[in-house]
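See structure below.
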Amino acid sequence: MSTALITGGSRGIGREICAAFARAGYDVAFTYTKDEAGARETVRRIQEAGAGALAFRCDVSDAAAVRAMFGQIFGLSVLVNNAGIAFYGDMQSTTPDILRRLFAVNVEGAFYCMREAIGKFLARGEGSIVNVASVWGETGGSCEVGYSASKAALIGLTKAAAKELGPSDIRVNCVSPGMVDTDMTACLSAEAKAEFCSALPPARAGTPAEVAEAVLFLAKQRFMTGEVLRVNGGCLI
Ligand code: NAP
């Protein structure tokens, strides 16, 4: 059986990715930082699907902690860099500490996990990495400048790594979700969400399960690499 590692699996999109990979026959390891109860529920969802579950309390922005975690993971064939944080506020309220933290989790965290995963994939002879970017990383989002920049960097990281690792049969792709109903978007007012969604052809937000389907597809698809797969309800048509 192969193992998939999903970062940020204690809730939201990450939990649904864990469940989707478990149903697809993978053993699933995942990270979280704070949400113990959420992590237990994710373990339950993975085991309910008949798969093995491993939960790691690991801050992906801590390179040493990431290295220690990878030492405990065997049979890795897929890495999904889903862990992410957002900050809503204008540029003047985006302090250096906020900007650094956005990049530390959203970009450096993905980089550290990729660096560790690559060693295992090279030994295995193949592997697949899926990064969870954002529509704001493609278009830029007002009052989310730091977040948008971090997701744009993640898209750049994805493409460069796809070129570098392709000859080693390691594929690197990303999904780029639009508005999805999770804790991350819970701070937006109902009016703001409704206004955003009314401009989308389906006139609704996406679900974590819909993003998870796309991640699983990219993880398994063998002739796609360096791709940015949009799961945004037609936001950019
Ligand atoms: P969420 O509900 O806020 O969940 C975030 C997950 O990441 C949690 O499991 C959290 O664990 C984990 N996490 C946060 N910081 C971490 C760290 N330093 N190390 C390890 N794990 C960490 O977010 P979501 O909406 O599911 O978003 C998942 C991904 O999709 C993110 O990358 C986000 O940017 C992206 N995305 C979301 C949307 C959206 O509309 N929701 C749209 C586009 C892209 P703890 O709770 O334990 O800290």
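Values quoted throughout were computed directly from the atomic coordinates according to the rules given, and no laboratory measurement underlies them. This structure is a prediction, so every number in the text was calculated from the model and none was measured. Counting neighbours? That spans all protein chains shown, and the Cβs are built from the backbone with ideal geometry, glycine included.
What the table shows:
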{"read-out": "Contour excess over end-to-end distance, with Cα ends at Ala37 and Tyr88 and 0.36 nm allotted per residue", "value": "15.8 nm"}
{"read-out": "Choice from Gly89, Gly206, Gly52 showing the highest fluctuation, given a GNM over the chain with Cα pairs closer than 10 Å", "value": "Gly89"}
{"read-out": "Shape of the chain, Cα gyration tensor, a/c cut at 1.5", "value": "rounded"}
{"read-out": "Student exercise, the chain dipole from Lys, Arg, Asp, Glu Cβ charges, in Debye to nearest 20", "value": "540"}
{"read-out": "Rule-of-thumb Rg ratio for the range 40-118 [Cα; 2.2 N^0.38 Å; N residues]", "value": "1.32"}
{"read-out": "Whole-number percent relative contact order across the chain, with pairs defined as alpha carbons under 8 Å at least 6 apart", "value": "20"}
{"read-out": "Relative packing of 113-122, 25-34, 61-70, which averages over residues the other C-beta atoms within 10 Å, highest first", "value": "25-34, 113-122, 61-70"}
{"read-out": "Relative contact order for the range 22-150, counting Cα pairs under 8 Å that sit 6 or more residues apart, in percent", "value": "26"}
{"read-out": "Label zone at Ser168 (point 7 Å along Cα-to-Cβ), backbone N below 15 Å, the range 68-84", "value": "76-79"}
{"read-out": "Neighbourhood net charge (15 Å Cβ-Cβ; Lys/Arg +1, Asp/Glu -1) for Glu213", "value": "+2"}
{"read-out": "Filter on Lys163/Lys220; Lys34/Lys193; Lys120/Lys220; Lys159/Lys220 - keep pairs with C-alpha separation over 21 Å", "value": "Lys34/Lys193"}
{"read-out": "Highest to lowest packing among 144-157, 126-139, 224-237, scored as the average C-beta count within 10 Å", "value": "126-139, 144-157, 224-237"}
{"read-out": "Segment Ile237-Met224, extension gain: residue separation times 0.36 nm, minus the distance between their alpha carbons", "value": "2.5 nm"}
{"read-out": "Formal net charge of residues neighbouring Thr94 (Cβ-Cβ distance under 13 Å; K, R +1; D, E -1)", "value": "-1"}
{"read-out": "For the range 27-79, fraction of C-alpha pairs farther apart than 13 Å, in %", "value": "59"}
{"read-out": "Cut-off under 5 Å, modelled amide H: who pairs with Val80 long-range", "value": "Leu5, Ile6, Thr7, Val130"}
